1. Distance check, please: which entries in Lys39/Lys280; Lys181/Lys280; Lys39/Lys188 exceed 28 angstrom between their Cα atoms?
2. Name the residues whose placed amide hydrogens come within less than 5 Å of the amide hydrogen of Phe198, ignoring near sequence neighbours (fewer than 5 apart) on the same chain.
3. For the chain, taking Cα atoms only, what is the radius of gyration to one decimal and the Dmax to the nearest whole Å?
4. Using only DSSP helix segments of four residues or longer, with each worth -39500 (n - 2.57), what per-residue ellipticity at 222 nm results for the chain after dividing by its residue count and rounding to 500?
5. Please list, or write none, the aspartates and glutamates whose alpha carbon is within less than 17 Å of the alpha carbon of Lys303, excluding same-chain residues fewer than 8 places away.
6. Apply the Karplus parameterisation 6.51 cos²θ - 1.76 cosθ + 1.60, with θ equal to phi minus 60°, to every residue of the range 127-144 and state each ³J(HN,Hα) to the nearest whole Hz, in sequence, with x for glycine and proline.
7. Out of residues 5 or more away from Val134 or on other chains, whose amide H comes under 5 Å of its own, with H placed 1.01 Å from N in the peptide plane?
8. Test of understanding: what is the full-extension gain from Gln216 to Ala136, defined as 0.36 nm times their sequence separation minus their Cα-Cα distance?
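Each value in this text was obtained by applying a stated rule to the coordinates, not by laboratory testing. This is a predicted model, so every value here is computed, not measured. Quick reminder, even Gly has a Cβ in these numbers, built from the backbone with ideal geometry, and neighbours come from all protein chains shown.
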Amino acid sequence: MTPKVFIDGEAGTTGLQIRQRLERRRDLAVISIDPSMRKDAAARAAMLNEADAVVLCLPDDAAKEAVKLVTNPNTVIIDASTAFRVDPQWVYGFPEMADGHRVLIERAKRISNPGCYPTGFIGLMAPLVDAGLVPASTPVTVNAVSGYTGGGKGLIEEFAHAPPETTHDAFRAYGLTLAHKHVPEMTKYARLAHAPVFAPSVGRYAQGMLVEVPLQLWSIPGTPTPAQLREALADFYQGERFVSVASEDETLALQRARAGAGGYVEPLDPEALNNTNNMKLYVFGNEATQQARLVAVLDNLGKGASGAAVQNLNLALGLDEGAGL
């Protein structure tokens, strides 16, 4: 039988994009609740338990309440909030982050969808920590910029619709308390001994992001080279459909372009992978200074949210992993 999928919170930014990726597919059926019944607990519970898979696109507290309504032991829940991302009873929904992790998602009934920033950070760091090139105890900083859709309805309203005289900044740093809710999952799944310093920001554009990890290679035992870091990432993600690593030639072309030499080269663009489930990783280095900048490019609404949810849904339902993506 065709599996049924219910998106609880389909009117939000993430929910809408998930529905768009699913609604034309014939290998599953999207079921919806009458809008007038969205706040009726009994109606929602019936829909949640009727579905073979549920995607929760709700605030943390609402997601926790929705999970309590599910009594069907066969229902797969994929939660897009931060409520369960470090819960040991839930499988973290980043199939590419470790050998064998995809199988865990395929077998899971409770899957926590990763955050957008953590997807880029973990994608860069976890393979290097696992390979022993970057020790778990290394102090790490994460600098990142996202489109304003990553900030939810309030930020979307401000940046996209507010009059220019009320909001005019092109770039805004936030998370200044150094207690951002993404830090626990970054620390746990990158296998770090200490929480990274996370410096997020938002730009005046809708979607797409850059996540960067600068490294002082001279301070790391063994002094790994940029080439070793790039090769380790390329080996780890070899054969992956949605995660790729820029080649040495591509990286050098970008570095030369920044130095003003050679012909025109497309810049490192946070919007480059918009509307895809792809993520591309770069390693820029300077052998003389023994420094490196690791950069991930992804769509905060794609591989960083809706695309990842659909990928996890496909795995959990035994469907083609790339269907709808």
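1. Numbers: Lys39/Lys280 40 Å; Lys181/Lys280 24 Å; Lys39/Lys188 35 Å.
From the list (Lys39/Lys280; Lys181/Lys280; Lys39/Lys188), the Cα-Cα distance tops 28 Å for Lys39/Lys280; Lys39/Lys188.
2. Counting only residues 5 or more places away or on other chains, the set is Val142.
3. 20.2, 65
4. So the helix-based figure for the chain works out to -8500 deg cm²/dmol.
5. Partners found: Asp79, Glu96, Glu185, Glu212, Glu240, Asp269, Glu271, Asp320, Glu321.
6. x, 6, 5, 4, 7, x, 6, 10, x, 4, 7, 5, x, 10, 10, 10, 9, 8
7. Hits under the 5 Å cutoff: Val129.
8. This chain segment gains 27.3 nm when fully extended.
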